[in-house]
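Chemist: Got a structure for you, questions after.
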Amino acid sequence: MKVMLVTGASRGIGAAIARAAGAAGYRVGVNYHRSEAAAHAVVGAIRATGGEAVALQADVADPAQVARLFEQADAQLGTLDVLVNNAGILASFRVDALDHAQLATVFQANVFSMFHCAGQAVRRMSTKVGGRGGAIVNLSSVAARLGGLAGGAAYAASKGAIDTFTLALAKEVGLEGIRVNALRPGLIETDIHDVHGGVERMKGLAATAVPMGRSGSADEVAQAALWLASPAASYVHGAVIDVAGGR
Ligand code: NAP
């Protein structure tokens, strides 16, 4: 049974990826930060359909907590095959109004977390150190190339960093059996939009701003993540793929 660890899997896109992974036969690590009950509900849903999953608490912005997360995943799930770096936060403030702490929070949650988790994953997966290879999928955003919505400079810049990180890590570990790719979701119906008016407002924007005329679901992003993680994508490496309805 292959093992997948999904960061930020208590809600939204991460929860959809975890559920899809459970249905696809992965043993799933459901990482969460604060939403303990929601993470256990995701685990319960996977187990209810015959799958295997455990909930693992950690703030992935904190390297010590990430080290503990991966040790717990080793012990409770077994050898890691896939890491999905999904955890992220949205923040909305103008550049002339933000302070250092706000900026640091966004970059620690969205970018530093990817370095911490990918570092731990590579140490386990790399054929150079006796691992059996694996796949890493990073959640970027179309904000990386569009600049985000109004007030989204810090978020958009953090997602730009994820695109670049994906390309650089792909070069670093391409000869070590690890494929590294990223997804750029567009407007997806999750709680992340609460900071700028909620899902209903976002759906109104999607009706005019998205060529397909609608927002996307977390399940639609999950299908792309599962494909990138799977052997069906065996020659896809260093790719950044839009899941954005053409936007
Ligand atoms: P969401 O519904 O707000 O869920 C965010 C998830 O990330 C939650 O499970 C949350 O955990 C977790 N999380 C946040 N900070 C964390 C931390 N420091 N440590 C561990 N977990 C943490 O967000 P989403 O819309 O599903 O977004 C998931 C990813 O897709 C993000 O990287 C986001 O930037 C990206 N994305 C989303 C959209 C969109 O339209 N929704 C578009 C483009 C990209 P707790 O609840 O347990 O705290």
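The values are calculated or read from the model by the stated rules, or taken from the named source; none is laboratory data. None of these values were measured; they are calculated from a predicted model. Because the Cβ atoms are built from the backbone with ideal geometry, glycine has one as well, and the counts that use them run over all protein chains shown. Note: accessible area is taken over every heavy atom of the protein model, side chains too, but ligands, DNA and RNA are not part of it. Shrake-Rupley method; radii C 1.70, N 1.55, O 1.52, S 1.80 Å.
Chemist: Quickly run through the stretch 30-41 and pick out the residues that are open to solvent by 10 Å² or more (accessible area, probe 1.4 Å) and more than 6 Å from the ligand (Cβ to nearest atom).
Modeler: Selection gives 36, 37, 38, 40, 41.
Chemist: Pairs needed: first member in the stretch 95-115, closer than 21 Å to residue 150 by Cβ; second member anywhere, of a type in the set (D, E, K, R) and surrounded by 20 or more Cβ atoms within 10 Å (Cβ to Cβ); C-beta distance under 9 Å; at least 6 residues apart or different chains.
Modeler: 110/159
Chemist: Filter the stretch 172-202 down to residues that are part of a helix (DSSP H, G or I) and surrounded by 15 or more Cβ atoms within 10 Å (Cβ to Cβ) and give me whichever is farthest from the ligand (Cβ to nearest atom). Give the derivation first.
Modeler: Pass one, the stretch 172-202, residues part of a helix (DSSP H, G or I): 172-176, 191-196, 198-202.
From the residues that got through so far, the ones that are surrounded by 15 or more Cβ atoms within 10 Å (Cβ to Cβ) too are 173, 176, 192-193, 195-196, 199, 202.
Values: 173: 21, 176: 25, 192: 3, 193: 6, 195: 9, 196: 11, 199: 9, 202: 7 Å.
Only one residue tops the list, namely 176.
Chemist: Sticking with this one: Could you tell me whether any residue of the stretch 120-138 is modelled with pLDDT under 95 and in contact with a helix residue (DSSP H, G or I) (Cβ under 8 Å, 6 or more places away or on another chain)?
Modeler: no
Chemist: Any residue that is assigned to a helix (DSSP H, G or I) and of a type in the set (A, V, I, L, M) - is there at least one of those in the stretch 130-142?
Modeler: Filtering the stretch 130-142 for residues assigned to a helix (DSSP H, G or I) gives none.
Checked the stretch 130-142: no residue is assigned to a helix (DSSP H, G or I) and of a type in the set (A, V, I, L, M).
Chemist: Here's something else I'd like to know. Only one of 121, 156 is in contact (Cβ under 8 Å) with a residue 12 or more places away in the chain, assigned to a helix (DSSP H, G or I), of a type in the set (A, V, I, L, M) and buried (at least 23 other Cβ atoms within 10 Å of the Cβ); which? Steps first, answer last, please.
Modeler: Details: 156 fails: buried (at least 23 other Cβ atoms within 10 Å of the Cβ).
From the options 121, 156, the qualifying one is 121.
Chemist: Name every residue in the stretch 68-113 that is within 14 Å of the ligand (Cβ to nearest atom), farther than 19 Å from residue 21 by Cβ, surrounded by 15 or more Cβ atoms within 10 Å (Cβ to Cβ) and among the hydrophobic types (A, V, I, L, M, F, W, C), in order of residue number.
Modeler: Those that are within 14 Å of the ligand (Cβ to nearest atom), farther than 19 Å from residue 21 by Cβ, surrounded by 15 or more Cβ atoms within 10 Å (Cβ to Cβ) and among the hydrophobic types (A, V, I, L, M, F, W, C): 89, 90, 91, 106, 107, 109, 111, 112.
Chemist: Could you say whether any residue in the stretch 13-29 is touching a Gly at 6+ places or on another chain (Cβ under 6 Å), open to solvent by less than 10 Å² (accessible area, probe 1.4 Å), closer than 21 Å to residue 227 by Cα and within 15 Å of the ligand (Cβ to nearest atom)?
Modeler: Scanning the stretch 13-29, I find at least one residue that is touching a Gly at 6+ places or on another chain (Cβ under 6 Å), open to solvent by less than 10 Å² (accessible area, probe 1.4 Å), closer than 21 Å to residue 227 by Cα and within 15 Å of the ligand (Cβ to nearest atom), so the answer is yes.
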